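Peer 1: For reference, the structure I am asking about is given below.
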Amino acid sequence: MPDRGGGPTGPRIRVGRPSRRVRTLLMTLGVLAVLLMAFVMFAGFWTDWLWYRSVKYSSVFTTTLWTKIGLFFVFGLLMAAAVGFNIWLAHRLRPPLSAMSVEQQSLDRYRMGIAPYKKWLLLGITSLIGLIAGASASGQWRTWLMWVNGVPFGQKDPQFHLDVSFYAFDLPWYRFLLGFGFAAAILSLIAAALTHYLYGGLRITSPGARATAAATGHLSVLLGIFVTLKAVAYWLDRYGLAVKSSDFKATGNWTGLRYVDANAYLPAKTILFCIAVICALLFFATLWRRTWQLPVIGFGLMVLSAILIGGLYPAIVQKFQVQPNEQAKEAPYVEKNLEATRKAYGIEGAKVEEYSGERNTDDVTKLRDDVDKTASIRLLDPNIVSPTYQQLQQIRNYYGFPANLDVDRYKDKDGNVQDTVIGLRELNLGGIPKNNWINDHFRYTHGYGVVAAKGTAADADGRPVFTESDLPSKNSNGGNLGTYQQRVYYGEKTTQYSIVGGPQKEIDYSDDSGEKTTSYKGKSGVNLSNPVNRAAYAVAFSEPQILYSGAIGEGSRILYNRTPKERVEAVAPWLTIDGDAYPAVVGGKIQWIVDAYTTTNGYPYASRTTLGDTTADSLTAADNQRAVVAQQNQVNYIRNSVKATVDAYTGEVKLYQWDTKDPVLKTWMKAFPNTVKPKSDISQSLMDHLRYPQDLFKVQRELLTRYHVKDADTFLSGSEVWQVPDDPTNRSGDAVPPYYLSMKLPEQDAQAFSLTTTFTPNGRDNLSAFMSVSAQADTSDYGKITILKLPTGKTVDGPKRVQSQFNSEPSIAESIRLLRGGDSEVEYGNLLTVPLDGGLLYVEPVYVRGGDLKYPLLKKVLVTYGGATAFEDTLDEALNKVFGAEGTTPPPDQDEGDGTTEPPTSSDPTVQAALNDAQKAFDEGQEALKNGDWEAYGRAQKDLEDALQRAEEAQSKASEPSGGSQDSDKKSSQDRDKNSDGSSGSS
């Protein structure tokens, strides 16, 4: 080895060996980096596969994966082959380089530079282009699966008489192929031209011919292919007119052909198609003529024709034929749009009935009695009382309720169905006493129990009348949920992973005897016993402790993707998920019920809508979790085709076919066989809790603001355009949400669970119509839309005017001012509208949040009917005042304490004394409330609570037989043992 520095006796520095060490080290680091990157990619793939296998939907993963891979390779190779072949052909057709010009001499150094690397350069360019094209094509997996599995709609468009499936399934795939062809032609043309220029086939500054005959023929063929594709595009554009969106002054958003489309654009596209075919043939003819003169002239004529025939001519037709007599010209096409839009959104069966808006009878006693028969008026607003549930039923800080609760139907112990406001006591990690990795992911893993209350009642203090409460949850006040698995491992608030089932015990719940622990017995999640799985999840979750933590051992399972919407979206990525999943106790289990939709934007003549905008209202503005997920795309066909359930304990996802006629669902069921269960598999206990989904209803009501009319002239005039009113209970300016309510329409014989809304004229606040849909899934009327249309020549107050009347009434305004005394806040509940005897009854609960109480309590009820208004402590008092008569039938839930009855009495002196104290505290509280003395009111409420607690304890001791205490303790111990086994319920 050579010496570096020094003399004969100086030190020798050998540099060869260290150099080899450095190279070895660098190579090793490079290999490790590549392996690390490969494992990161593998971890993402492997964890996805494990998750889909754990939920038993591995076929969804494999079908989607193989479809993406197939599209990637097929179209990536096609693009690479097209570009590579044309580069190779251009190089092969290069002219000899003798007697080179100055221009070619300047390019010579580039040719010499790339000569040794030609093959590698060609491979690199084609590979890069192929990768980009393949990645783009793999994103079209939905389009491919819909095209290859599409089933007919059985309906034809009115213009071309093709089945709707052509527009929904075929046309999108043809457009993709056309776009891919254009990209391949353009890239090939650019690559071939550059290669010809580099090797002398094309010349820019050199004297003589600008292109060799070979280059001319090659590039002409590529241009001919491009123009041929343009001809195909013109032909497809003809059909695209049936699904084209445009702005139409008379109606706003418009889809489908109008007069100018059918009489100008359609013949123009046909003419341009013929011109493009001729132009393409001229380009192909250069293979024999070796001149571009004719094809260039033909191409110029095609461009000029596109401007004149495709642009100027339709503008002339619109200006001089349509505008002078627009209504007559457009009417036939509007009729087609009306029919198609109503079918596409499922509103063709909407029944519009005339409604007077004024009461028909003078018998006030009968009218007062009819209120109870007409509707079970819900006083408990699920969008307000969540803090009340939180304060009264949270029990522990590490539990929580969603911001908006849900309305469902449950039978009481007597078998009567009642509207119920329900919520789950879910896990709230923000309330854990000490946050660390073990607590957050191993010990606090689940929520516990259902909390439910009567929707039509409140107690004397304005609190909900709970029918399922406490921890563990149990029946009360006539509730009848029975025994069910109360642990909630999957819920709307459960957004991070947990590791369960291993050596680390989980906190189950706490009671007076202390903290209870459990270990997950379900089969959900992915097993972490395998070290490869642990390593993969450590990488996927960026959490190295998963790899080496001693808290993970035999039987440990990782639970993630735990919200109901996440799980349904993952197993059915072809569905659009409703913004509000809701819980129900079904067959001894808590099941999340998720409504899912199939959509398309390819229904001919049906106007499009943007789901994200259409489903927005005052609730989604306040709680983004309720909005339809990531749906800013436009659709013009929607069906509630699937009802999905997610087990709150096991996480099991089941998809049930709901709309058995929907061709879009049938298409996806062909693409993903055995993933959707037949409708017949829905049990009756589940059917009892299925309901009409809110987001679909909101889309339909938005369309019905215009499409409730069937006459083209009325539609074009705009005289019958409605709007969804703003929510009158707040100043957000957002649309009023629809409300679930058990009620009876004029033509119905009995109450039915319904979803309701109101309409006002465009730009005005009086009422135009009341809309209701039968929301009870197990009835023959399910999905039937009824619109009660009020006379246009009569002014009937709408929600905003009713709210204004409430606020402007002097006595009411003074009462509200008193309620707002101190630091109290007044919150208005849902303003419910009920058709009654030709008129409209409005009911609005009023809540107060003030003093030491940080949660809303129902304090007043606003009622108006026929111009009469009442603001009373209870609904019955308000109704009696409005109608001037008392009902002859006892109000529902009177025996459960709705604020209308005296406290119960007892012969036991201790109990009686406690009840007397409670009555005294209640009277003092009411007096303080009237005087606006919130400090005294708070003391009275505390005294009332203490007195009732003493009465309950005394009553329990008085009714307890000898040895009862021991029996009770024994039973309580047995219940706790039962709960620790995973199946707890009501006693």
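Peer 1: Give a quick list of trypsin sites (Lys or Arg not before Pro) in the range 380-441 that DSSP marks as loop, anything other than H, G, I, E or B, with at most 11 other Cβ atoms within 10 Å.
Peer 2: Sparse-neighbourhood loop trypsin sites (Lys or Arg not before Pro): LYS413, LYS434.
Peer 1: Would you pull out the residues with amide H under 5 Å of LYS589's amide H, same chain only if 5 or more places away, H placed 1.01 Å from N?
Peer 2: Sorted by chain and number, the residues that satisfy this are GLN485.
Peer 1: Lysines near LYS68 by alpha-carbon distance under 20 Å, same-chain residues fewer than 8 away left out - which ones?
Peer 2: LYS670
Peer 1: Normalised by the residues of the range 212-344, what does the relative contact order come to in percent, with Cα pairs under 8 Å and at least six apart?
Peer 2: Value for the range 212-344: 30 percent.
Peer 1: Tell me the net charge near PRO856. Cut-off is 11 Å between Cβ atoms, PRO856 excluded, with +1 for each Lys or Arg and -1 for each Asp or Glu.
Peer 2: Net charge around PRO856: +1.
Peer 1: Determine the dipole magnitude for the range 381-494: charges of +1 sit on the beta-carbon of Lys and Arg, -1 on that of Asp and Glu, nothing else is charged, the reference point is the Cα centre, and the result goes in debye to the nearest 20.
Peer 2: Computed charge dipole of the range 381-494: roughly 420 debye.
Peer 1: Same structure again: Read phi for every residue in the range 289-302 and hand back ³J(HN,Hα) as whole Hz from Karplus 6.51 cos²θ - 1.76 cosθ + 1.60, θ = phi - 60°, with x for Gly and Pro.
Peer 2: 7, 6, 8, 9, 4, 5, x, 5, 4, x, 5, x, 5, 5
Peer 1: Here is a follow-up. Read phi for every residue in the range 760-772 and hand back ³J(HN,Hα) as whole Hz from Karplus 6.51 cos²θ - 1.76 cosθ + 1.60, θ = phi - 60°, with x for Gly and Pro.
Peer 2: 10, x, 4, x, 10, 10, 7, 7, 9, 6, 10, 10, 9
Peer 1: In whole angstrom, how far apart do the alpha carbon centroids of the range 769-829 and the range 641-675 sit?
Peer 2: If we compute the Cα centre of each part, the gap is 37 Å.
Peer 1: Sort the following peptides by mean Cβ neighbour count (other Cβ atoms within 10 Å, averaged over residues), highest first: 590-599, 871-880, 726-735.
Peer 2: Top to bottom by mean Cβ count within 10 Å: 590-599, 871-880, 726-735.
Peer 1: Something else about it: PHE284: net charge of surrounding residues, Cβ under 15 Å, Lys/Arg +1, Asp/Glu -1, itself excluded?
Peer 2: +3
Peer 1: Kindly provide the trypsin sites (Lys or Arg not before Pro) of the range 817-876 that DSSP labels as loop, not H, G, I, E or B, and whose Cβ sees at most 12 other Cβ atoms within 10 Å.
Peer 2: Of the trypsin sites (Lys or Arg not before Pro), the ones in loops of the range 817-876 whose Cβ has at most 12 other Cβ atoms within 10 Å are LYS854.
Peer 1: How large is the convex hull of the Cα atoms of the range 212-344 per residue, expressed in Å³ as a whole number?
Peer 2: For the range 212-344, the hull spanned by Cα atoms encloses 101 Å³ per residue.
Peer 1: Here is a further query. So for PHE283, PHE45, fewest C-beta neighbours within 10 Å to most, what's the order?
Peer 2: Listed from fewest to most nearby Cβ atoms, that is PHE45, PHE283.
Peer 1: So, one more: Where does each of TRP288, TRP144 land when they are ranked from fewest to most other beta-carbon atoms within 10 angstrom?
Peer 2: In increasing order of surrounding Cβ atoms, one gets TRP288, TRP144.
Peer 1: Let me ask something additional. Among residues other than VAL664 whose Cβ falls under 12 Å from its Cβ, what is the net charge (Lys/Arg +1, Asp/Glu -1)?
Peer 2: Residues close to VAL664 contribute a combined charge of +3.
Peer 1: Any chance you could check the Cα centroid distance between the range 230-301 and the range 325-374 for me, in angstrom?
Peer 2: About 43 Å separates the Cα centre of the range 230-301 from the one of the range 325-374.
Peer 1: Compute the distance in nm between two label points, each set 7 Å from the Cα along the Cα-to-Cβ direction, one at GLN293 and one at ARG142.
Peer 2: In this crude label model, GLN293 to ARG142 measures out at 5.3 nm.
Peer 1: Give a residue-ordered list of calculated ³J(HN,Hα) values for the range 869-880 (Karplus: 6.51 cos²θ - 1.76 cosθ + 1.60, θ = phi - 60°; whole Hz; x for Gly, Pro).
Peer 2: So the J values, rounded to whole Hz, are 10, 9, 9, 10, 5, 10, 5, 4, 5, 5, 5, 4.
Coordinate-derived values only; no laboratory data. Computed from a prediction, not measured in an experiment: that's the story for all the values here. As a convention, Cβ positions derive from the backbone with ideal geometry for all residues, glycine included, and neighbour counts pool all protein chains shown.
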